[in-house]
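What follows is a short report on a single structure.
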Amino acid sequence: SYYTIRPYLLSEGISDLDHVLLSHNDDDHSGGIPHLAESFDMENYILAKAAKPTYENVMAVAEEHGGTVTFAEKGDVFELGDGAELTVLWPEEDTQAEDNDLSLVVKLTYGDFEALFTGDAEEKALRGLMVDTETLSADLLKIPHHGM
């Protein structure tokens, strides 16, 4: 991801990231963070509160580079500016599950547009999300777990 994300952001003239949301701490989702932190000012890391013990490496990077860490749980809302809003749908703070089922599931709302990002959510998370199916309506869905 470092070799794809970094060149793209630099080509767009981006030098800082206000928010970095990590669905969970599997290497294929967070492995590039230490390298990206060398190139970009990453201000706020949003991580799943239920998976807090798994994020030691990310927290160390944030501390080393002066970023803050926010632990999010179901119901939290982040105002991103210009009317964009990020709502956390999963997991709850006390969710007990394997790593993938602790993936942050979030809905991005910008005007009339809604996108649902599901990380690597698996059966337990998906069943938990089905409790309130109205929140799942979206214009764009990032299919969970690499489409598996």
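The values are calculated or read from the model by the stated rules, or taken from the named source; none is laboratory data. If you're wondering where the values come from, they're calculated on a predicted model, not measured in any experiment. No Cβ is skipped: glycine too gets one built from the backbone with ideal geometry, and neighbour counts run over all protein chains shown. Heavy atoms of the whole protein, side chains included, go into the accessibility calculation; ligands, DNA and RNA do not. Shrake-Rupley method; radii C 1.70, N 1.55, O 1.52, S 1.80 Å.
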Which residues, counting only those in region 109-144, are crowded, with 19+ Cβ neighbours inside 10 Å and of a type in the set (A, V, I, L, M)? LEU116, ALA121, ALA125, LEU129
State all residues of region 9-28 that are under 19 Å from GLU43 (Cα atoms) and open to solvent by 60 Å² or more (accessible area, probe 1.4 Å); if no residue qualifies, say none. LEU10, GLU12, GLY13, SER15, ASP16, ASP18, HIS19, LEU21
Name the pairs whose Cβ atoms lie under 6 Å apart, with the first residue in region 75-88 and modelled with pLDDT of 95 or more, the second crowded, with 17+ Cβ neighbours inside 10 Å and assigned to a loop (DSSP other than H, G, I, E, B), and 6 or more positions between them or separate chains? VAL88/LYS74; VAL88/ASP76
Could you count how many residues in region 7-38 are part of a loop (DSSP other than H, G, I, E, B) and not hydroxyl-bearing (Ser, Thr, Tyr)? 9
Selection count, region 80-104, where residues are under 14 Å from GLU123 (Cβ atoms) and in a strand (DSSP E or B): 1
For residues that are modelled with pLDDT of 95 or more and outside any strand (DSSP E or B), scanning just region 39-49, find the one that is surrounded by the most Cβ atoms within 10 Å (Cβ to Cβ). LYS49
Residues of region 73-84 that turn out to be out of contact with any helix residue (DSSP H, G or I) (no Cβ under 7 Å at 6 or more places or on another chain), crowded, with 16+ Cβ neighbours inside 10 Å and not hydrophobic (A, V, I, L, M, F, W, C), as a count: 2
Check GLY67, GLY147 and return the single one that is of a type in the set (Gly, Ala, Ser) and open to solvent by 40 Å² or more (accessible area, probe 1.4 Å). GLY147
Checking the structure you have, find out if any residue of region 92-100 is in contact with a strand residue (DSSP E or B) (Cβ under 7 Å, 6 or more places away or on another chain) and either of a type in the set (A, V, I, L, M) or surrounded by 14 or more Cβ atoms within 10 Å (Cβ to Cβ) (or both). no
